[in-house]
Each structure stands twice: as C-alpha cells, then as structure tokens.
Amino acid sequence: MIPVRTEDGSFTLDSPALGEHYHSLFGAVTESRHVYIEQGLRSTEKSKLDILEVGLGTGLNALLTWMECGPTGPQVDYLALEPYPLPQRLRMAADHISSINAPGKEKGFKAMMSLPDSEWLELQDGFRFRWERQEVQQLEMKEAFDLVYFDAFAPAIQPAMWTLDVFRRIHRAMRPGAILVTYCAKGDVRRAMIQAGLMAERVQGPPGKHRMLKALRPE
Ligand SMILES: C[S@@+](CC[C@H](N)C(=O)[O-])C[C@H]1O[C@@H](n2cnc3c(N)ncnc32)[C@H](O)[C@@H]1O
C-alpha cells in the first residue's frame, strides 16, 4: 500500500494488489467533504443522529464528521464497519489531520483508529465512535441509522459489496426517512438500491466526477 498525494494536496492510499485507490485522485478530502458531509450529513436536519459507515479505511469520513459536531452542529453516534484494518503506519501516512487542519484532534483520532472492536469512544463535541471488524455482508441491525456512508471499493473491483442482498441489509438497518450516500453513480447500483426498497437518485458529484448516488428509505 502506497500513500499518494491527490489534486487538492491531501493523501490517499494506493493498493497495487487491488489496482484501486482509497479515495479520488481529484482530491481525497474534497471528495469526502462533498459526498459524505455536504450531500449526506448537512442535508439532514437532525440534531442527533446515528451514522453507519461501510468501509472505515483511513478514517477520513469519520474525522470530517467529528469536525462537524459541536455547539452548533449535530450530536453523532458513529459505527464504522471495517473487516480489514490498515496497519497504524499506513493510517498515519495518509496524514488527514494535517490536510484538513485539525490540530486539536490528533490524539482523539489516533485513539479512534486503534480502538478495540465494538468499544464506544466518547470524544468532544458530542461525537461518539465505535467500529466493528465486520463485513457489511453480515450486517443484521434493524432501523438503527439515520445516515449511511457507503464507501466501498468500486463495483468493478469489489462487486460483492454492491449486491441486492447488501442493499437489503442496509435498507433494513436504516430508519424510515434515513439517507444513504455514495460516490458511485452506476445504473446497476442504483437499480439494486431501488429493488431493495430505497428511493435512489443521481445528484451532483464531487470535482472530477459528474454524479453520485443519494438514496432515501421512504417513511
Ligand atoms: C474506498 S475504501 C474506504 C475509504 C474510507 N472511507 C476512508 O475514508 O479512508 C473501502 C474500504 O472498504 C473496506 N472493505 C472491504 N471489504 C469490506 C466488507 N466486506 N465490508 C465492509 N468494508 C469492507 C476496505 O478494507 C476499505 O477500507
């Protein structure tokens, strides 16, 4: 795994084994902010919410979400799924703390990323975090989340993450009215989401990518 600088100056990881990057080369932080924060978190009006992330990876989405919390932001309980934790050396090589200028968050971020399985960590500003070394294919939770960040590797690389069965599990885990966001805009993925019971539409994507998907579990 090799750290790579992306167009906005932030880093991602390149997995030569998969032939895939953890984030967009047009800008790792720019993509995460647009897809998960702008189109996801900021589009909900909830002041308290449960978030599910599929694919914790380097922890960038979790860190950006924590930065949104605070006196004027929401309170968040965050569960991330990640069956293949990165070694500490690589997580730190992505150096998100410097890229997004979050100096006070260094210690907390390190604690998050080395947290034992399923243990809650209470950070400042109403942000609670835990992660499970579990595959999304094993997800059994029901009506537990208001927002889902679906950040799997691309369908061409990891098709088993984008199946009807997975979206049925996600649908079941979402509360009525909950939202799912993903950088992917593929027609097959959208159709699988719709078949699973979600209302999925293409919306404005991040720089370098015309569209992305946003889906709602109807009330
Ligand atoms: C595109 S990367 C996620 C990037 C991440 N959100 C970040 O901010 O760095 C996809 C992640 O999905 C994880 N993954 C692979 N198989 C999975 C599975 N079956 N269930 C959940 N996550 C999986 C990978 O290990 C990888 O960390």
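Numbers below:
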{"quantity": "DSSP-loop GluC sites (Glu not before Pro) across region 45-140, with at most 12 other Cβ within 10 angstrom", "calculated": "Glu45, Glu119, Glu140"}
{"quantity": "Neighbourhood charge, 15 Å Cβ-Cβ cut-off, centred on Thr6 and excluding it, Lys, Arg +1 and Asp, Glu -1", "calculated": "-3"}
{"quantity": "Accessible area of Asp151 in the full protein assembly, 1.4 Å probe (Å², nearest 10)", "calculated": "30 Å²"}
{"quantity": "Calculated P(r) of region 27-216 - Cα pairs past 22 Å, %", "calculated": "42 percent"}
{"quantity": "Length-normalised contact order for the chain - Cα pairs under 8 Å, 6+ apart - percent", "calculated": "19 percent"}
{"quantity": "Check: the chain dipole with +1 on Lys, Arg Cβ and -1 on Asp, Glu Cβ, in debye", "calculated": "340 debye"}
{"quantity": "Environment charge of Gly55, counting only residues whose C-beta is closer than 9 Å and scoring Lys/Arg +1, Asp/Glu -1", "calculated": "-3"}
{"quantity": "Highest average packing first - 56-62, 96-102, Cβ atoms within 10 Å", "calculated": "56-62, 96-102"}
{"quantity": "For region 27-216: accessible area per residue (Å², 1.4 Å)", "calculated": "43 Å²"}
{"quantity": "For region 171-219, convex hull volume per residue from C-alpha positions, Å³", "calculated": "62 Å³"}
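The values are calculated or read from the model by the stated rules, or taken from the named source; none is laboratory data. The model shown is predicted, which means the values in this text are computed figures rather than measured ones. Because the Cβ atoms are built from the backbone with ideal geometry, glycine has one as well, and the counts that use them run over all protein chains shown. Just so you know, the surface numbers come from the protein's heavy atoms only, side chains and all, with ligands and any DNA or RNA stripped out. Shrake-Rupley method; radii C 1.70, N 1.55, O 1.52, S 1.80 Å.
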